[in-house]
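First up is the structure itself, then whatever we jot down about it.
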Amino acid sequence: MNLALFDLDNTLLAGDSDFEWAQFLISKGVVDRELQEAKNIQFYEQYKAGTLDIYEFLIFQLAPLTRHSRSELDAWHREYMDRHIRPIMTAQAKALVAQHLAAGDLCAIVTATNSFVTGPIAREFGIPHLIGTVPAVDTELGAFSGGPRGTPSFQAGKITRVDSWLESLGLWWGSFDNSFFYSDSHNDLPLMQKVKTPVAVDPDDKLRAHAGEMGWKIITLR
């Protein structure tokens with residue numbers, strides 16, 4: 001059995017699910033356009049530089065979830081999937097996932113974006129496992145509380161989360177003949193260096209340079 005791990009944003013998707021969720025909320029009048037876009041630019045520049053404070057970002061990212069009921073959020077998410085996500089699920093990405101699933105590989109999306117946003121996207125791809133940043137929930141109210149629970153699935157945190165997930169299945173890295181991780185971002189270098197077969201997908205400049213030096217495969221899903 002092989003292990004196939006996929007980053008989501010700008011890898012399986014021809015875009016960023018978190019950015020698209022923010023744009024959707026702007027279109028609904030739920031968040032302020034000027035503030036949201038300014039903060040998104042600030043965080044994205046930090047992300048590209050590899051200096052993003054993931055906890056600061058998550059407090060900003062998760063805040064809109066706290067102000068609305070789960071039923072309302074779920075209804076919005078169905079609309080968001082139709083308008084923003086399905087159009088950026090490319091045929092090439094679907095074919096890659098289908099190839100690994102048909103081979104009987106253990107497949108998971110490993111993403112820093114929160115699991116409320118990304119859970120339905122993983123299901124749409126037919127990927128049975130999602131390792132995303134988990135939004136904390138007020139257990140009495142059943143509503144999101146505005147922060148993350150546990151280790152965010154970001155940079156080296158992705159290894160921590162994958163290790164825990166494998167352990168929960170009674171598996172470890174040595175359980176697999178081969179392990180793949182597909183990503184577009186240099187922020188994912190820790191996990192890419194952990195697997196046997198890292199694959200750069202439409203990579204950013206830093207990852208493209210590193211992949212070239214290491215002889216890693218570079219592909220496009222666009």
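For the reader, a short list of remarks on this structure follows.
- So residue 170, is it surrounded by fewer than 21 Cβ atoms within 10 Å (Cβ to Cβ), in contact (Cβ under 8 Å) with a residue 40 or more places away in the chain and not in a helix (DSSP H, G or I): no
- Sole exception among (1) in contact with a helix residue (DSSP H, G or I) (Cβ under 8 Å, 6 or more places away or on another chain); (2) of a type outside the set (A, V, I, L, M); (3) open to solvent by 70 Å² or more (accessible area, probe 1.4 Å) for residue 144, by number: (3)
- Checking each residue in region 178-222 for being under 16 Å from residue 131 (Cβ atoms) and basic (Lys, Arg) picks out only 194.
- Filtered residue count, region 1-28, keeping only those that are open to solvent by 60 Å² or more (accessible area, probe 1.4 Å) and not charged (D, E, K, R): 3
- Single match in 168, 183 (criterion: under 18 Å from the mean Cα position of the chain (by Cα), at pLDDT 95 or above and either more than 20 Å from residue 47 (Cβ to Cβ) or of a type in the set (Ser, Thr, Tyr) (or both)): 183
- The set of residues in region 191-215 being within 21 Å of the chain's Cα centre (by Cα) and either part of a loop (DSSP other than H, G, I, E, B) or exposed (fewer than 15 other Cβ atoms within 10 Å of the Cβ) (or both) consists of 193, 195, 196, 202, 203, 204, 205.
- Any hit, region 104-124, residues being of a type in the set (A, V, I, L, M, F, W, C), in a helix (DSSP H, G or I) and more than 26 Å from residue 178 (Cβ to Cβ): yes
- Evaluating residue 97 against the criteria (1) closer than 30 Å to residue 140 by Cα; (2) crowded, with 16+ Cβ neighbours inside 10 Å; (3) modelled with pLDDT of 95 or more leaves one unmet condition, (1).
- Note on region 173-190: residues that are aromatic (Phe, Trp, Tyr) and assigned to a loop (DSSP other than H, G, I, E, B) amount to 1.
- When 153, 164 are checked against the criterion of being among the polar types (S, T, N, Q), open to solvent by less than 30 Å² (accessible area, probe 1.4 Å) and either over 19 Å from residue 19 (Cβ atoms) or part of a loop (DSSP other than H, G, I, E, B) (or both), a single residue qualifies: 153.
- Test: residue in region 90-102 that is of a type in the set (Ser, Thr, Tyr) and in a helix (DSSP H, G or I): no
- Meets criteria (among the β-branched types (Val, Ile, Thr) and surrounded by fewer than 18 Cβ atoms within 10 Å (Cβ to Cβ)) for residue 133: no
- Top-ranked residue in region 45-55 [being part of a helix (DSSP H, G or I) and free of Cβ contacts under 8 Å to residues at least 12 places away in the same chain; ranked as most open to solvent (accessible area, probe 1.4 Å)]: 45
- Criterion: assigned to a helix (DSSP H, G or I), out of contact with any Leu (no Cβ under 7 Å at 6 or more places or on another chain) and in contact (Cβ under 8 Å) with a residue 12 or more places away in the chain - qualifying residue of 25, 65, 73: 25
The values are calculated or read from the model by the stated rules, or taken from the named source; none is laboratory data. Computed from a predicted structure; not experimentally measured. Glycine also receives a Cβ, built like all others from the backbone with ideal geometry; neighbour counts cover every protein chain displayed. Heads up: the accessible areas ignore ligands, DNA and RNA and are worked out on the full protein's heavy atoms, side chains in. Shrake-Rupley method; radii C 1.70, N 1.55, O 1.52, S 1.80 Å.
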